[in-house]
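Asks: Pasting a structure below so you can have a look.
Quick note: the coordinates plus some simple rules give every number you see, no bench work behind them. Keep in mind that what you see is a predicted model, and the values were worked out from it rather than measured. All Cβ positions, even for glycine, are placed from backbone atoms using ideal geometry, and neighbour counts span all protein chains on display.
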Amino acid sequence: MTQHYTHRDLEAYLDEAVSTADMTAIEISLRHNESLRAALITILQRRDSGVHSLGEIWRRHQLSCPTREELGSYLLGVLDDDHFAFVQGHLEQYGCRICQANWEDLQRRQTDAAEAVTRRLKRFFETSAGYLSSTGANELPGAGRP
C-alpha cells in the first residue's frame, strides 16, 4: 500500500525535518511511485528557481531551533521554566533531527569529559601514592620545612 504524502511532507523530507522512520518510508515510496518522484522534482525545481514561501525559509534556515548554547543549558538544567519547556518540546514533540543530533553530541561530550576527569584523578592519586607517608598522610611533601 502506497502512503499519500503531501507537499509539506515532501518539503520536510528535503529539509531532513522528519523522523528517521518517516525518511525511510518516504524513500521507499519514492522508489516505487513515479508521481511522487515527479512531485519531488517539481519542488526541487521551484526551490532552484528561488521561489520560496515564508514557511519554507523559516524551516530551511531553522529559525525556530534553539542554539547549541541553549541546548547545552537545557542539558545542564539551567534554563528558566518557559525556555526549558520550549527546548524540550522542540526536541521531543517536534522531533527536530538536527537539534536532536546536537543534543546527543553535547550529552556524549559531557559523558566523555566526566570520564576524562575520573581518569585524570585516578592517575594523579596513583602517581602520588609514593609521596604519602604513613605517619604524615595529611602533610604535603616538603610541608613544615624552612
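Asks: Take peptides 114-123, 14-23 and line them up by average Cβ neighbours within 10 Å, highest first, as a rough protection proxy.
Replies: 14-23, 114-123
Asks: Based on alpha-carbon atoms only, what is the radius of gyration of region 62-127 relative to the globular estimate 2.2 N^0.38 Å? Don't skip to the end; give the middle numbers.
Replies: Numbers: Rg = 15.4 Å, N = 66, 2.2 N^0.38 = 10.8 Å.
My calculation over the Cα atoms of region 62-127 gives 1.42.
Asks: On a full-extension model of 0.36 nm per residue, what is the gain between residue 101 and residue 34, subtracting their alpha-carbon distance, rounded to one decimal in nm?
Replies: This chain segment gains 20.9 nm when fully extended.
Asks: What's the Kirkwood radius of region 18-119 in Å, using all Cα pairs?
Replies: So the Kirkwood estimate lands at 16.4 Å.
Asks: Further question: Would you mind getting me the FRET efficiency between residue 119 and residue 78? Use the beta-carbon distance for r and R0 = 35 Å, nearest 0.05.
Replies: 0.85
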